Amino acid sequence: MKCKSCKKDIGAEQWKYCPHCGEELAKKSVYSYGMQDVADKMLSGIQRILMRKLFTTLAQTIRQSEGANSGSFRVKITSSKRPMAHATKQTTSQAPDMTTASKRPTPKETIEPKADITKLPGKLKINIPLPGIECMDDIDILKFENSCEIRAYTEDKLYFKIIQTPQNLNLFEKNLNNETLILEFGN
């Protein structure tokens, strides 16, 4: 026996619906249906056609996007509330050595030190007192697009400070003098 809709062989079994296309096999004559039954039958046929078209279009779109992006995709999320921070690569600032950072003792206390900021035309000078810090190896400085992050470690304290910096200024000098970190930014 063959399906009247898809013309595929369905065997001798008594199927109510075609196992290949889902078409109802034991159809009643149009005259045995009421008007509501005819309307429902037509609507279900239209829905089935539309759903097939939708899934075919969706599958084609996915195949095209996979071919165009080689199986990858990008997501960009933006917010009007807060500017996005992007890390910038500079030769003067380095990311902290993670092997050194992981060997540091866990601080008992985190302190945000005060910063003395002096703005000059094309320059920015920042002095941050860090009691107990005696060498630059205990300080990690990360320069981002619009900010600079400073972490300084003692045995039981972590000094942590984020300072907003102009986007066009780069960190060009960093010194530690009498337990005071001196940072200079410029063009």
* Could you tell me whether any residue of region 9-20 is touching a Lys or Arg at 6+ places or on another chain (Cβ under 9 Å), among the acidic types (Asp, Glu), at pLDDT 75 or above and over 30 Å from Glu145 (Cβ atoms)? => yes
* Positions within region 106-127 being over 14 Å from Gln164 (Cα atoms) and among the β-branched types (Val, Ile, Thr), in sequence order -> Thr106, Thr110, Ile111
* Structure fact -> Of the residues in region 119-144, those that are surrounded by 13 or more Cβ atoms within 10 Å (Cβ to Cβ) and farther than 13 Å from Thr180 by Cα number 7
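The values are calculated or read from the model by the stated rules, or taken from the named source; none is laboratory data. The structure presented is a predicted model; accordingly, all values stated were derived computationally and were not measured. Quick reminder, even Gly has a Cβ in these numbers, built from the backbone with ideal geometry, and neighbours come from all protein chains shown.
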